[in-house]
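> The following block contains the structure, expressed as structure tokens.
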Amino acid sequence: VVVSTISEVESVEMELPKPQPTASAPPPEKMRSVLNVLPGDDGDAVGYRLNTTEYPLGQAGVDALREALVPLLRNNPDMRINLRADRRTSQRHIAPLLNVLTEANKRAGNGRAARVNLVVVTRRSEIE
């Protein structure tokens, strides 16, 4: 066992750099919404959820979802939408949502494409 003691003669005066306040601040939180495809069995889906509101599969649910998205996108044109789906979910349940997002963004009057992140979830419990 080696034990050493640092005496005052051996200690060196150090001056550490001080970061600027903006350099040490966390980045601002971007406005975002989460659109989930609620997974069913064998690649099927049982519905959709935008933030905390659930919508049924089918045309009525898609129409209601579009109407809910328009004011969100109108009030926040830079909003990022995370479209989350189980990796086993069939594309036939995801493609209509991409169309709904495009249509809602146009109805909101935004001149550029909606910002959508496709998030593929490997554990079902993360969506349900």
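> Students sometimes get this wrong: rank Ser33, Ser90 by accessible area, probe 1.4 Å, all chains present, largest first.
In descending accessible area the options line up as Ser90, Ser33.
> For segment 68-85, take each phi angle, set θ = phi - 60°, evaluate the Karplus expression 6.51 cos²θ - 1.76 cosθ + 1.60, and give the result in whole Hz per residue in order, putting x for glycine and proline.
6, 6, 4, x, 4, 6, 5, 7, 9, x, 8, 4, 9, 10, 8, 8, 10, 8
> Turning to a different aspect of this structure: Search the structure for amide H atoms under 5 Å from the amide H of Val116, placed 1.01 Å from N in the peptide plane, and list their residues when 5 or more places away or on another chain.
Sorted by chain and number, the residues that satisfy this are Ile81.
> What shape does segment 29-71 have by the C-alpha gyration tensor, where a ≥ b ≥ c are the square roots of the eigenvalues, rounded means a/c under 1.5, and otherwise prolate means a/b greater than b/c and oblate the rest?
Oblate is the answer for segment 29-71, as a/c is 1.5 or above yet b/c matches or exceeds a/b.
> Please list, in chain and number order, the residues 5+ apart from Arg84 or on another chain whose amide H is under 5 Å from its amide H, with Hs placed from the backbone.
For Arg84, the qualifying residues are Leu35, Asn36, Val37, Val119.
> In sequence order, what are the phi-derived ³J(HN,Hα) couplings for segment 45-55 according to the Karplus relation 6.51 cos²θ - 1.76 cosθ + 1.60 with θ = phi - 60°, rounded to whole Hz, with x for glycine and proline?
These are the phi-based 3J(HN,Hα) values: 10, 10, x, 10, 9, 9, 6, 10, 9, 9, 10 Hz.
> May I pose another question? HN-Hα J couplings of segment 112-117 from phi, Karplus 6.51/-1.76/1.60, θ = phi - 60°, integer Hz, Gly and Pro as x?
Residue by residue, segment 112-117 yields 10, 5, 5, 8, 10, 10 Hz.
> So what does Val46 come to for accessible area, using a 1.4 Å probe and Å² rounded to 10?
Its heavy atoms expose roughly 100 Å² to the probe.
> Pop a pseudo-label 7 angstrom from the Cα along the beta-carbon direction at both Val120 and Arg32 and give the gap in nm to one decimal.
Placing both labels 7 Å beyond Cα along the Cβ direction yields 1.9 nm.
> Normalising by the residue count of segment 43-128, find the relative contact order in percent from Cα pairs under 8 Å and 6+ residues apart.
34 percent
> Please identify which residues in segment 36-53 have an amide N closer than 19 Å to a label point set 7 Å out from the Cα of Asn82, following the Cα→Cβ vector.
36-39, 48-53
> Please compute the net charge surrounding Asn99, taking Lys and Arg as +1 and Asp and Glu as -1 over other residues with Cβ under 14 Å from its Cβ.
Here the count lands on +2.
> Continuing with this model, one more query. Is the C-alpha gyration tensor of segment 32-128 telling us rounded, prolate or oblate? Criteria: a/c under 1.5 is rounded; beyond that, a/b larger than b/c is prolate, otherwise oblate.
Cα axes put segment 32-128 in the prolate bin.
> Show the residues, 5+ positions off or on another chain, whose built amide H is closer than 5 Å to the amide H of Gly40.
Correct list: Ala45, Val46.
The values are calculated or read from the model by the stated rules, or taken from the named source; none is laboratory data. Nothing here was measured: the structure is a model prediction, and the numbers come from that model. In this analysis, Cβ positions are derived from the backbone assuming ideal geometry, glycine residues included, and neighbour counts consider all displayed protein chains. Just the protein is used for accessible areas: all its heavy atoms, side chains included, with ligands, DNA and RNA removed. Shrake-Rupley method; radii C 1.70, N 1.55, O 1.52, S 1.80 Å.
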